[in-house]
Amino acid sequence: MISFQKNIDLKAFNTFGIRAFARYFVTLKTPDDLHELFQSDLYRNEQHLIIGGGSNVLFTKDFDGLIIQNNIKGISTQSENDDNITVEVASGEVWHPFVLHCVNRNWGGVENLSLIPGTVGAAPMQNIGAYGVEIGEVIKKVVGINLASGEAYTFSREECAFGYRESVFKKELRGKFFISSVTLTLTKKNHRLSTQYGAINDTLHAHNITSPTIKNISDAVIEIRTSKLPDPTVLGNAGSFFKNPAITLQHYELLKKTHPTIPGYSIENQSVKVPAAWLIENCGWKGKRVGDAGVHQHQALVLVNYNAASGEEIFSLATNIRASVKEKFDVELVPEVNIV
Ligand code: FAD
Ligand code: EPU
């Protein structure tokens, strides 16, 4: 049985800790709740937005409609052999506890994605990624419920059209489907360990680990992330505010002449991925604070809410950062965070 609440402060429901009010708010706990929701007048008459953990949204104003908070849980094994296991996970499961569920059973594939906040259902939305792995690599299928017809559709991995922080759910089908479950295939042995990225190898060496297990990698990622990224329960944030931009090789070579230390790594189509954090830091923004909105002192790509910043203030800071990066480097930064 669902119950609609009125005029709810969303501060506790977004990791930026932004105060914004939703006209209506409902929490879904079971698949039946979703069916009940579809039959309600309120759902039919109001604009709506689904949220999971609210760790990738910025509310810039009150939401004049219905916020649907997803809390539908359940993990079930679909198939299993000596090598692999395929599990279907309900979208309201919280991502990191699910990762630990896998790590503790020595199921490989998601250990590099340890400690990413949010729900399983939001993970395909932007194809969450960290430390050389993206969730799209282990996704077998995604079940979505069409928000207009209420019908279920199973998306194959190819239909999800995963890219860097992108998917069909973030682009063409944005706001059109409720992701109800995600099915992943994980390894039970012969794991494809990924330790090359960032400080994983250094961290493993520091602990004298030469043949890492799934758990060793998860622990290393947790250690690195804890030292780098602000904890949203202490300092409001939504992780990286912008995506790392890809620029042409010619553009990169031009920038390298005037800024010889600019980092970059080649990707497909003669493009170079440049860390947005470096561009932002080199425009002088790192550690800057405007009222209660700020740029994190240790990670220039993370915008923070020191206490009572409004969504508009964070957005205005982001707009100014974009403008200075454009002016100094002629590079367009694109927000990763979903602006509401
Ligand atoms: P929300 O913020 O609630 O929603 C995000 C978007 O998905 C919204 O547009 C929402 O409408 C939509 N959505 C949510 N659930 C559903 C659903 N069931 N069906 C359809 N649409 C849905 N991301 C990374 O990729 N890599 C990182 O390393 C990373 N690190 C982070 C670190 C910190 C400290 C923080 C705060 C965030 C980080 N993020 C990272 C971003 C964030 O954790 C992910 O984007 C996460 O998947 C968001 O999950 P959520 O449940 O909080 O989504
Ligand atoms: N750097 C700076 N200044 C800073 C921070 C970083 O110049 O203040 C430069 C350094 O050259 C550094 C490089 O940026 O080597 C990359 O920094 P980092 O390793 O911290 O990663 P990132 O590119 O900033 C990305 C993801 C993160 C993910 C990490 C680890 C994006 C937009 N962000 O950050 O994802 O956790 O790599 O894989 O791709 C998120 O999406 O919310 C997120 C946190």
(message) A 28 angstrom limit on the alpha carbon distance is what I want to check against. Which of K140/K189; K170/K273; K176/K228; K29/K141; K11/K243 exceed it?
(response) K176/K228
(request) Beyond 24 Å, what share of the Cα-Cα pairs of the range 236-339 is found? Please give it as a whole percent. (result) 22
(request) Extending each Cα 7 Å along its Cβ direction at A12 and N104, get the distance between those two points in nm, one decimal. (result) 2.6
(message) Residues of the range 106-126 with backbone nitrogen within less than 20 Å of a virtual label 7 Å along the Cα-to-Cβ line of S76, please, listed as ranges.
(response) 120-122
(request) Considering only A206, A308, A293, give the residue with the highest GNM mean-square fluctuation for the chain, with springs between Cα atoms whenever their separation is below 10 Å. (result) A206
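Length gain on complete extension for the stretch K61 to Q47, per 0.36 nm per residue less the alpha carbon to alpha carbon distance?
Working: separation 14, 0.36 × 14 = 5.04 nm, distance 1.45 nm.
Here the segment from K61 to Q47 would lengthen by 3.6 nm.
Tell me, which longest segment in the chain has none of the GluC sites (Glu not before Pro) that fall in DSSP loops with at most 13 further Cβ atoms within 10 Å?
On the way: sites that count: E151, E172, E268, E332.
Excluding the exposed sites themselves, the longest stretch runs over 1-150.
Can you tell me the convex hull volume per residue for the chain, based on C-alpha atoms, in Å³ to the nearest whole number?
On the way: hull volume 48.3 nm³, N = 340.
Enclosed volume per residue, from the Cα hull, is 142 Å³.
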(request) Rounding to the nearest 20 debye, state how big the charge dipole of the range 197-323 is about its Cα centre with +1 on each Lys and Arg Cβ and -1 on each Asp and Glu Cβ. (result) 260
(request) Rounded to the nearest 0.05, what FRET efficiency do Q270 and A199 give with R0 = 25 Å and r taken as the Cβ-Cβ distance? Could you check? (result) 0.30
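Taking R0 as 41 Å, what's the FRET efficiency between N84 and T233 from their Cβ-Cβ distance, rounded to 0.05? All intermediate terms of the calculation are to be shown ahead of the outcome.
Numbers: r = 35 Å, r/R0 = 0.86.
Once rounded, the FRET efficiency stands at 0.70.
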(request) Counting helices only, and only those DSSP H runs with n ≥ 4, report the 222 nm mean residue ellipticity of the chain as the sum of -39,500 (n - 2.57) divided by its residues, in deg cm²/dmol to the nearest 500. (result) -7000 deg cm²/dmol
(request) Would you work out the charge dipole size for the chain about its Cα centre, treating the Cβ of every Lys and Arg as +1 and the Cβ of every Asp and Glu as -1, and quote it to the nearest 20 debye? (result) 580
(message) If you filter the range 174-235 for chymotrypsin sites (Phe, Trp or Tyr not before Pro), then keep DSSP loop positions with at most 16 other Cβ within 10 Å, what is left?
(response) Y197
(request) State the Cα centre-to-centre distance between the range 218-271 and the range 141-191 in whole Å. (result) 26
(request) Can you tell me how much longer the chain between H259 and E312 gets when fully stretched, taken as 0.36 nm per residue apart minus their C-alpha distance, in nm with one decimal? (result) 15.8 nm
(message) Tell me which trypsin sites (Lys or Arg not before Pro) from the range 167-207 have a DSSP coil assignment and no more than 15 other beta carbons within 10 Å of their own.
(response) K171, R174, K176, K188, K189, R192
(request) Between T154 and D330, with labels modelled 7 Å along Cα→Cβ, what's the label distance in nm to one decimal, could you check? (result) 5.0
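Bear in mind that the values in this text are calculations on the coordinates, not laboratory data. Being a predicted model, the structure only gives us computed values, none of them experimental. Cβ sites come from the backbone with ideal geometry, for glycine too, and all protein chains shown count toward neighbours.
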